[in-house]
Ligand code: HEC
């Protein structure tokens, strides 16, 4: 590259940094770079003052941070952020690391920020994990859909394999050591299938050799039948769907309560009858 072009690139970089500084997009520690060739780039030196930057503050370094134009000006400490992007992405011609003040403010709120991934990134992560080794594929609708499922069989399988942790109709429950099995209400059929295949955290996994594809389909259909939007409670009152504990408590309090009340009433009337 002839010198004039090099100077022009440096000048453009200076202009860009100063404009960003004016607009408060970059703070006094931010750094921006422009590619010089396949193995070197221009970057503002670590000591430069962003607001009064000139081309003299721009240093050309190779991908290991060594000056390539004979100067001994140092790149900023964070030059590897730029170098690795240039190394990995030959098409990238500029990298801006601006230290935007908003992200600094957000880190000062003490509020845990939620990590947000775009669907494309989730797909890329999934593809990457899948490339690491053999594992079950993401189930298809034919596997978890309701067609051909036997709800009664699913209920039986659920009570044998899952109810000890998730409760009789999947309302969830406490486990040892403060762990708990979550409710399965409103969980996506695909997600239920994947949970059985992979066994998250304390949950055992149920590969096809333990619960066949058909078994899994049946369980999912059962959960939909007992927890779906239009599920009715045959007894009228659902009692939390927590099984014998809440139902037993209900029977004790109301059933036995009524019997005791009747006994007291009868005894009171008998005593009265004797007196007269
Ligand atoms: C030994 C106890 C145990 C058994 C048995 C068990 N699970 Fe779980 N299950 C758990 C725990 C604990 C979690 C929560 C894991 C986590 O937090 O990552 C869980 C999570 C799940 C989830 C994910 C829920 C969500 O909202 O993300 C589904 C779905 C599930 N289980 C379905 C089942 C099915 C279906 C069965 C039977 C085939 C079953 N589980 C058997 C303990 C169990």
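FYI, it's all coordinate maths here, none of it is from the lab. All figures in this text were calculated on a predicted structure; none of them were measured in a lab. No Cβ is skipped: glycine too gets one built from the backbone with ideal geometry, and neighbour counts run over all protein chains shown.
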So what's the Cα pair-distance distribution over the chain, bin width 10 Å, in %? 5, 18, 16, 12, 11, 14, 12, 6, 3, 2, 1, 0, 0
Calculated FRET efficiency, residue 7 and residue 99, Cβ-Cβ r, R0 30 Å, to nearest 0.05? 0.65
Segment 1-149: relative contact order from alpha carbon pairs under 8 Å, six or more residues apart, as a whole percent, is 21
How do the peptides 159-171, 195-207 rank, highest first, by the average count of neighbouring beta carbon atoms within 10 Å per residue? 159-171, 195-207
Go ahead and set up a Gaussian network model of the chain, Cα springs under 10 Å, then flag whichever of 184, 125, 106 fluctuates most. 106
When 14, 49, 68, 115 are ordered from fewest to most other Cβ atoms inside 10 Å of their Cβ, what list results? 115, 49, 68, 14
Semi-axes of segment 140-227 from the Cα gyration tensor (sqrt of 5 times each eigenvalue, largest first, whole Å) come to 20, 14, 11
Quickly work out the residue 117-to-residue 56 label distance, labels modelled 7 Å from Cα along the C-beta direction, and quote it in nm with one decimal. 4.9
Extension gain, residue 28 back to residue 129 (0.36 nm per residue minus Cα-Cα distance, nm): 32.5 nm
How far is helix 189-198 tilted, in degrees, relative to the longest principal axis of the Cα atoms in the chain, given as a value from 0 to 90 rounded to the nearest 10? 80
Could you tell me the relative contact order of the chain? Use alpha-carbon pairs under 8 Å, at least six residues apart, and round to a whole percent. 13
Report, in degrees rounded to the nearest 10, the 0 to 90 angle that the Cα long axis of helix 257-275 makes with the longest principal axis of the chain. 30
Can you tell me the orientation of helix 213-227 relative to the chain, as the angle in degrees between its alpha-carbon axis and the longest Cα principal axis, to the nearest 10? 70
For segment 140-227 the mean separation of alpha carbon contacts under 8 Å (6+ apart) over residue count, i.e. relative contact order in percent, is 43
If R0 = 45 Å, then residue 212 and residue 266, at their Cβ-Cβ distance, give a FRET efficiency to the nearest 0.05 of 0.20
Semi-axes, largest first, in whole Å: what does sqrt of 5 times each Cα gyration tensor eigenvalue give for segment 34-85? 17, 12, 10
Shape of segment 22-136, Cα gyration tensor, a/c cut at 1.5: oblate
What does the extension gain come out to for residue 141 and residue 253, with contour length at 0.36 nm per residue minus their alpha carbon separation? 35.8 nm
